[in-house]
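To keep things clear, I will list the structure first and then write my remarks on it.
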């Protein structure tokens with residue numbers, strides 16, 4: 001929800017987190033299970049317009065999507081993880 005803050009947690013097994021507020025300290029381990037170009041992929045973290053994600057770790061097989069108007073900071077992407085960026089990353 002807009003204005004809501006979530007701190008900590010792990011996304012796995014095709015979980016989705018759609019961020020309109022703020023997400024801190026998440027670990028993303030889902031979203032690229034079938035490779036980077038496979039439409040069968042589901043899951044991952046989606047930062048929407050106005051959403052903010054801080055101190056995120058994207059592990060192998062994980063995907064963070066930053067849509068236009070979204071913002072992320074201090075994201076660590078491990079080997080095999082990915083980030084799709086249309087917004088701002090600092």
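The values are calculated or read from the model by the stated rules, or taken from the named source; none is laboratory data. Since we're looking at a predicted model, the values are computed, not measured. When we count neighbours, we look across all protein chains shown, and the Cβ atoms used for this are built from the backbone with ideal geometry, even at glycine.
For the reader, a short list of remarks on this structure follows.
- Scope region 68-82; condition outside any loop (DSSP other than H, G, I, E, B) and modelled with pLDDT of 95 or more; matching residues: 71, 72, 73, 76, 77
- Pair list, Cβ < 6 Å and 6+ apart or interchain, from region 1-12 residues that are in contact (Cβ under 8 Å) with a residue 40 or more places away in the chain to residues that are in a strand (DSSP E or B): 11/17; 11/28
- The lone exception for residue 7 - which of (1) surrounded by 15 or more Cβ atoms within 10 Å (Cβ to Cβ); (2) at pLDDT 95 or above; (3) more than 10 Å from the chain's Cα centre (by Cα) it fails: (1)
- For region 35-47, taking the residues that are buried (at least 18 other Cβ atoms within 10 Å of the Cβ) and either touching a helix residue (DSSP H, G or I) at 6+ places or on another chain (Cβ under 8 Å) or in a loop (DSSP other than H, G, I, E, B) (or both), the one that is modelled with the highest pLDDT is identified as 43.
- Filtered residue count, region 16-47, keeping only those that are within 15 Å of residue 70 (Cα to Cα) and over 10 Å from the mean Cα position of the chain (by Cα): 4
- Any hit, region 20-34, residues being out of contact with any strand residue (DSSP E or B) (no Cβ under 8 Å at 6 or more places or on another chain), outside any strand (DSSP E or B), farther than 13 Å from residue 62 by Cα and modelled with pLDDT under 95: no
- Condition met for residue 61 (on the phi > 0 side of the Ramachandran plot, over 11 Å from the mean Cα position of the chain (by Cα) and without any contact (Cβ under 8 Å) to a residue 12 or more places away in the chain): no
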